[in-house]
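The values are calculated or read from the model by the stated rules, or taken from the named source; none is laboratory data. As the structure is a prediction and not an experimental result, all values here were calculated from the model. Note: ideal-geometry Cβ built from the backbone for every residue, glycine included; neighbour counts use all protein chains shown.
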Amino acid sequence: MSLIRKLALPVAALTLAALLFGAYVSSASAQVPPFSTYGSKVKAGDKVEAFVGGKSCGTATADASGNWLLQIASTAPCSPTDGAAISFTLNGAATTASETYKAGGAPKDVANGVTLTLAAAPAPAATPAATPKATPTAPAPAKTGNAGMLGQGSTGIAMVLALGALALIAVGGARAATRRR
């Protein structure tokens, strides 16, 4: 048997593996990185909350040194979009701080983060009514789904099946070409 005939099956197997791996790699999509916002110079245990369009994006609690970090995923409950304004509260009180959401972004002042300064307090009400304390709820986990590993809908599956069929045809052709006559 000639060298070409001896190598036909291994070459066909490697071709099939490369096609399947290529389909797998090309159909995977990258995760969208979160917007990372952070700051310091608050009291240990202070609660920082971020909002987009009046909806909460999440909370962070300051550590013993007064540092805090809050990451806002594109799937956060506030449904952030690139260019959306982010506002902040400190222990439930409005602050003057604002940022602009961009997936994978960071605060305008990357070195220092967000400086939280309380907004001017409104005039106190004549007789404040007692409000019941709400029970905090844990945020829902991020929806990662299949992380794009199979593409959108059935497109990725169809691509893998088509490439698999093509590889089988190539293997069959290689075997037919190497048969002894």
Starting from the stretch 37-57, take each residue that is acidic (Asp, Glu) and list its partners that are in a loop (DSSP other than H, G, I, E, B), counting only C-beta distances under 6 angstrom and pairs at least six apart or across chains. Asp46/Ala62; Asp46/Asn91
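What about Pro124, is it modelled with pLDDT under 70, part of a loop (DSSP other than H, G, I, E, B) and not aliphatic (A, V, I, L, M)?
Yes; evaluated as a whole, the condition is true for this residue.
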